[in-house]
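Below: the structure, in structure tokens.
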Amino acid sequence: MITIVTDSTAYLTKGQARRMGVSLVPVSFTIEGRSFSESFADQKGRYESEVGKHIFQCTTAHPPISTFAAALEKELNEGNEVLCIAMSSRLSGTYSSAVLAAEEIGDNRVTVVDSLSTAGGQYLLIQKARELLDNGFGRDETAVQLERIKKQVGTAFSVDNMDALRRSGRLGLVRQSVSTILNIRPLLTLEDGAIVAGSMARGRTEQIKALIAKVPPHAAQVVVEYFGPGIDPKKITSGLKQAGIEAQTTVCRIGPVLGIHLGLGVVGVAWLCG
């Protein structure tokens, strides 16, 4: 059997992970010096208020090599091959930890893939990987296909406040001058695994319209993702239908790890074409 290993920022529920044969490696975070490990999307608790109150006393840490090695060895010891799909190497050291763990184990039954994504985009790649594996593709064949499929995955998101993102050091090509003064919210995208600046939107309504406009009309699947109070994901799901986008849609609440880097008021869409 070929199993999938990923990190917690893919935000799968426990049921989704079980159905797709996915093992989860937790990403850790701290709030005011208290340490936590992120879990499945439906078992991670509600950290929005704590993150919001202590955003500048929060940190995250990618999984150490030993944690990834333990997860990979567990699958190998059960006789499985492993396809590991990690969050973007341009956002975190998670992918590097996975690669080094695989090299340390030295078992050729492990393949590690850089998703060049996270959250909804990473989830969509995992789902596609499972589909390929179930249709008879081998581990390495699936990894090759994922390199092609990554180009069909897109992510657009927006935040209410840029402070957390500036502090995280993951701004990539985002203009440092972007602010939320006068209720103007930046539209950001993931390009080749890094965050880059898009357009601007004034207010929540225009923000949501702009995100919907980013989704290609021919998208096959869409993940609507959010973090923080005051965001109704149904406005996006209904807006997609009104725009004539008949994609299969999933709603996902982002967890504390990404929330710490993005702050409260995150709303976004990830999609897969073809």
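The values are calculated or read from the model by the stated rules, or taken from the named source; none is laboratory data. Computed from a prediction, not measured in an experiment: that's the story for all the values here. Heads up, the Cβs are rebuilt from the backbone with ideal geometry, glycines too, and the neighbour counts pull from every protein chain shown. We work out accessible area using only protein heavy atoms, side chains counted, and drop any ligands, DNA or RNA first. Shrake-Rupley method; radii C 1.70, N 1.55, O 1.52, S 1.80 Å.
Below are the figures for this structure:
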item	result
Helices (runs of 4 or more DSSP H) wholly inside the stretch 1-95 that include at least 2 residues being out of contact with any Lys or Arg (no Cβ under 7 Å at 6 or more places or on another chain), open to solvent by less than 40 Å² (accessible area, probe 1.4 Å) and closer than 21 Å to Asp140 by Cα	65-77
Positions within the stretch 26-72 being without any contact (Cβ under 8 Å) to a residue 40 or more places away in the chain, charged (D, E, K, R) and closer than 23 Å to Ser88 by Cα, in sequence order	Asp42
So Val257, is it touching a Pro at 6+ places or on another chain (Cβ under 6 Å), open to solvent by less than 20 Å² (accessible area, probe 1.4 Å) and closer than 25 Å to Tyr47 by Cβ	no
Among the residues listed as Ile31, Ile65, the single one being β-branched (Val, Ile, Thr) and touching a strand residue (DSSP E or B) at 6+ places or on another chain (Cβ under 7 Å)	Ile31
Residue match in the stretch 237-244 (condition: charged (D, E, K, R) and either within 26 Å of Asp163 (Cα to Cα) or in contact (Cβ under 8 Å) with a residue 40 or more places away in the chain (or both))	no
Qualifying residue in the stretch 224-232 (condition: of a type in the set (Gly, Ala, Ser) and either farther than 17 Å from Ala164 by Cα or in contact with a Cys (Cβ under 7 Å, 6 or more places away or on another chain) (or both))	yes
Complete set of residues in the stretch 122-149 that are in contact with a Phe, Trp or Tyr (Cβ under 7 Å, 6 or more places away or on another chain) and open to solvent by 30 Å² or more (accessible area, probe 1.4 Å)	Gln145
Any chance Gly228 is within 19 Å of the chain's Cα centre (by Cα), open to solvent by less than 30 Å² (accessible area, probe 1.4 Å) and either closer than 27 Å to Ser37 by Cβ or not acidic (Asp, Glu) (or both)	yes
Positions within the stretch 231-252 being modelled with pLDDT of 95 or more and under 16 Å from the mean Cα position of the chain (by Cα), in sequence order	Thr249, Thr250, Val251
Test set (1) part of a strand (DSSP E or B); (2) hydrophobic (A, V, I, L, M, F, W, C); (3) open to solvent by less than 10 Å² (accessible area, probe 1.4 Å) - Leu240 fails condition number	(1)
Some residue of the stretch 150-158 being closer than 19 Å to Val196 by Cα, in contact with a Pro (Cβ under 7 Å, 6 or more places away or on another chain) and either small (Gly, Ala, Ser) or open to solvent by less than 20 Å² (accessible area, probe 1.4 Å) (or both)	yes
Residue match in the stretch 112-121 (condition: without any contact (Cβ under 8 Å) to a residue 60 or more places away in the chain, under 16 Å from the mean Cα position of the chain (by Cα), buried (at least 19 other Cβ atoms within 10 Å of the Cβ) and assigned to a helix (DSSP H, G or I))	no
Those residues of the stretch 187-219 which are surrounded by 15 or more Cβ atoms within 10 Å (Cβ to Cβ), in contact with a Gly (Cβ under 9 Å, 6 or more places away or on another chain), assigned to a strand (DSSP E or B) and not charged (D, E, K, R), in sequence order	Leu187, Leu188, Thr189, Leu190, Ala194, Ile195, Ala197, Ala219
Residues located in the stretch 30-47, provided they are more than 30 Å from Ile2 (Cβ to Cβ) and of a type in the set (Phe, Trp, Tyr)	Phe36, Tyr47
